[in-house]
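Throughout, read-outs are computed from the coordinates displayed, never taken from laboratory work. Everything numeric here is computed off the predicted structure, so don't read it as measured data. Cβ atoms come from the backbone with ideal geometry, glycine included; neighbour counts cover every protein chain shown.
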């Protein structure tokens, strides 16, 4: 029996970068060890999660990030605080479990605060600022599905390298208008699902091939491409 198609923003991003890379990394798991940047990103996310929930303070190497913990996870702030919250939805945008048979899309909220009909969703970013509102929209859709009382979500990318309270790119989404954001995203999901059905994942040579691609089996690996 064929595996049910399910996707996430990171998978879609990888697919658009290079279909072969997406297949080898996200599906076949045939790639070299994680990069230093990815390992650091995982460490930062875990440390911030532990600090925001009060489990453990930030390590000395990340003490500059305390401004964000104070800003979003302060005990005097209103509403319910959720950290590293996993959400999954079905094709018709209904809530479901992470590993349910009807799951279609998955998203993780790094930090979410819900105060009645209003929520704030924060996504920590350890790389250079590259704004893509589709990721914030997809996260917002999952929150709407799982928390029916929420009518408006203030979403934010927090660019940790900038170490500045102004290093934020925000987007606001409303429950009654978010459907307008979906048509171009659905086209990407449709293309990914077709690739999965046909097992057609052609390589897309680009700037990442020379130094940043972990797929050693690709004929373009280690080569320079414009």
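So the values come out like this:
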{"read-out": "Candidates 109, 142, 18: whichever shows maximal mean-square fluctuation once the chain is modelled as a Gaussian network with Cα springs under 10 Å", "value": "18"}
{"read-out": "Segment residue 43-residue 99, extension gain: residue separation times 0.36 nm, minus the distance between their alpha carbons", "value": "17.7 nm"}
{"read-out": "Label point distance in nm, residue 115-residue 178, each placed 7 Å from Cα along Cα→Cβ", "value": "1.9 nm"}
{"read-out": "Relative contact order of the chain, defined on C-alpha pairs under 8 angstrom at six or more residues apart (%)", "value": "21 percent"}
{"read-out": "Whole-number percent relative contact order across the range 25-113, with pairs defined as alpha carbons under 8 Å at least 6 apart", "value": "21 percent"}
{"read-out": "Whole-Å distance, taken between Cα centres, linking the range 7-82 and the range 117-172", "value": "13 Å"}
{"read-out": "Between 0 and 90°, nearest 10: helix 36-52 axis offset from the chain longest Cα axis", "value": "20 degrees"}
{"read-out": "Estimated [θ] at 222 nm from DSSP helical runs (n ≥ 4, -39500 (n - 2.57)) normalised by residues in the chain, nearest 500", "value": "-9500 deg cm²/dmol"}
{"read-out": "DSSP bridge orientation in the range 39-198 - percent antiparallel, rounded to nearest 5", "value": "75 percent"}
{"read-out": "Principal-axis tilt of helix 182-198 within the chain, Cα atoms, nearest 10 degrees", "value": "40 degrees"}
{"read-out": "Rg(Cα) / (2.2 N^0.38 Å) computed for the range 39-198, rounded to two decimals", "value": "1.08"}
{"read-out": "C-alpha long axis of helix 133-146 to longest principal axis of the chain, angle in °", "value": "60 degrees"}
